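Note sheet for the following structure.
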Amino acid sequence: MLSGGGRTLEDLRVLRNDQGLRSLLQLEEMPSSDATGDWLRRMGGKESDGLAGLQHVNRDVFRRLLRQDNHASYTLDIDATQIVAEKCEAHYTYKGEKGYMPMVGHIAETGAIAGYEFREGNAAPAAGNLEFLQACERNVPKDKKLTAIRADSAAYQAAIFNWCEETGKVFAIGGDQDVAVKAAIKAISECEWKTFRDGEIAETVHCMNKTDKAFRLIVVRRPCEQDLFEEKSPYRYHAIASNRENEDAAATMEWYCKRGDASENRIKDLKIGFGMDYMPCGTFQANAVFFAIGVLTYNLYLGFRAAALGSGWERAQVQTVRWRLFQTAGKIVRHGRQVYLKISAAMLNMFIAIRERCARVMREGGVIPETS
């Protein structure tokens, strides 16, 4: 349902009524939307291992995706995202709306979700970030390695900086403009500022009370509108903390800014493309199960796109695949005790190529014999 574009449990009725699809997928029985809602609540119950089971399945799927990838080291981007939900049990987020605030970790090189944590709306974005990073790293296969971390200012914490240094990771994390950071920015001399995009960039060395090592504080400033009745700085500042070496401030800032595509846009795809901007149930635990299924759907889609669609589809979002592939018109024909799908000749080559790639992947994975 989520792969096809459905958002609510009522959309399951479309699958229930699609006899052709159910025949091809051998779905002789399908639960109703009400029964599915009951199942979500039961799986999220205190006496159930449903959430832990889904975590286990998601971890195995993620590891399989990385084992099929050619990279040996990866960059992890983490971010919290708001899901608005007018549910009785939902709490208000820091943005003033009722809902939830899940944390999601993406692998920048592949887009795969390495870890997730469904959180209450009133959960602080800065809470438990180190533990979340460590959980994401545990999900990575042993023959692969996390070597870089990127995050917004919610992860501006000494414990995270120290952990990165201890484990040999480079990082670029948004700076929290506290009193010490503002003083460090103010101490940068005018001659050190250089042109960068639509503003200027400079850097200095900074440390926190509990950090083991000093780090680079890279600052971008841009002009801001002045108010005749208020005294304030003529600039607005954006700072990041990083331990990347052997490159100038502009290169490090460019690398940090890539998280917008690697994390924020992929979270948007998870929410809008796979229906995770809407939670169907009134209880937190049931919605946590639904979100876990959404993450599973997202990662399975990435595996399908890489293994079955091949070149030319690497950056295709699920909406594009639905329009160009899933929504192809066809006719189910039964002949000689066989079920056939008749499609237009223009789509035939694409379908044959997909079938061949899928068969090759299944043979390599031992799902079907080599002789099949």
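Observations
- Note that the chain presents 56 Å² accessible area per residue, ligands and nucleic acids not counted, probe 1.4 Å.
- Distance (nanometres) between label positions extended 7 Å along Cα→Cβ at T167 and L300: 2.9 nm
- The Rg/Rh ratio of the chain, with both radii computed over alpha carbons and Rh defined as the Kirkwood radius, is 1.03.
- For the chain, the dipole from Cβ point charges (+1 on Lys and Arg, -1 on Asp and Glu) about the Cα centre works out to 1580 debye, to the nearest 20.
- Accessible area of the range 113-231 belonging to carbon and sulfur atoms, whole % at 1.4 Å probe: 51 percent
- q = 0.16, 0.17 Å⁻¹, the range 100-229: log10 I(q)/I(0) [Debye, one scatterer per Cα]: -0.96, -1.03
- Residue ranges 40-49, 200-209, 348-357 sort as 200-209, 40-49, 348-357 when ordered by packing (mean number of other C-beta atoms within 10 Å per residue, highest first).
- Between helix 50-67 and the chain: long-axis angle, C-alpha atoms, 0 to 90°, nearest 10: 80 degrees
- Options T204, I107, A183, ranked by Cα towards positive dipole end of the range 95-228, top entry (Cβ charges): I107
- Residues in the range 241-278 that a label on L15 would reach, taking backbone N under 19 Å of a point 7 Å out along Cα→Cβ: 270-278
- Projected-area average for the range 19-75 over all orientations - Cα convex hull basis, square nanometres: 6.9 nm²
- Inter-centroid distance (Cα atoms) of the range 270-298 relative to the range 310-340, Å: 25 Å
- Normalised size of the range 156-291, defined as Cα radius of gyration per 2.2 N^0.38 Å with N residues, equals 1.33.
- Computed from Cα positions, the angle between helix 284-304 and the longest principal axis of the chain comes to roughly 80 degrees.
- Projecting the Cα atoms of N243, P125, G312 onto the dipole axis of the chain, where Lys and Arg carry +1 and Asp and Glu carry -1 at the beta carbon, places G312 farthest toward the positive end.
- Considering only the chain, percent of DSSP beta bridges that pair antiparallel, nearest 5: 80 percent
- Translational D in µm²/s for the range 101-160 (Stokes-Einstein at 4 °C, 1.567 mPa s, Kirkwood Rh from C-alpha pairs): 105 µm²/s
- Residues V321, V84, ordered by accessible area of protein heavy atoms at a 1.4 angstrom probe radius and largest first, appear as V84, V321.
- Only helices enter the 222 nm calculation for the chain: every DSSP H run of n ≥ 4 contributes -39,500 (n - 2.57), and dividing by all residues gives -10500 deg cm²/dmol, rounded to 500.
- The length gained by stretching the chain between Q26 and C88 to full extension, at 0.36 nm per residue less their Cα-Cα distance, is 18.5 nm.
- Simple spin-label estimate for W39 and C257 in nanometres, 7 Å along Cα-Cβ: 4.6 nm
- Dipole moment magnitude, nearest 20 debye, the range 81-206 about Cα centre, only Lys, Arg, Asp, Glu C-beta charged: 240 debye
- Dipole magnitude (debye, nearest 20) for the range 1-71, charges at Cβ of Lys, Arg, Asp, Glu: 280 debye
- Here the range 61-101 has 43 percent of its accessible surface on carbon and sulfur atoms, given a 1.4 Å probe and all protein chains in place.
- If the segment from A72 to R322 were pulled out straight at 0.36 nm per residue, it would be longer than the present Cα-Cα gap by 86.9 nm.
- Angle in degrees between helix 345-364 and the longest Cα principal axis of the chain, rounded to the nearest 10: 80 degrees
- Multiplying the residue separation of K142 and K98 by 0.36 nm and removing their Cα-Cα distance gives an extension gain of 11.9 nm.
The values are calculated or read from the model by the stated rules, or taken from the named source; none is laboratory data. Given the structure is predicted, the values throughout are model-derived calculations rather than measurements. Every residue, glycine among them, receives a Cβ derived from its backbone with ideal geometry; neighbour counts consider all protein chains shown. For the accessible areas, the whole protein counts, side chains as well, though only heavy atoms, and no ligand, DNA or RNA atoms are used. Shrake-Rupley method; radii C 1.70, N 1.55, O 1.52, S 1.80 Å.
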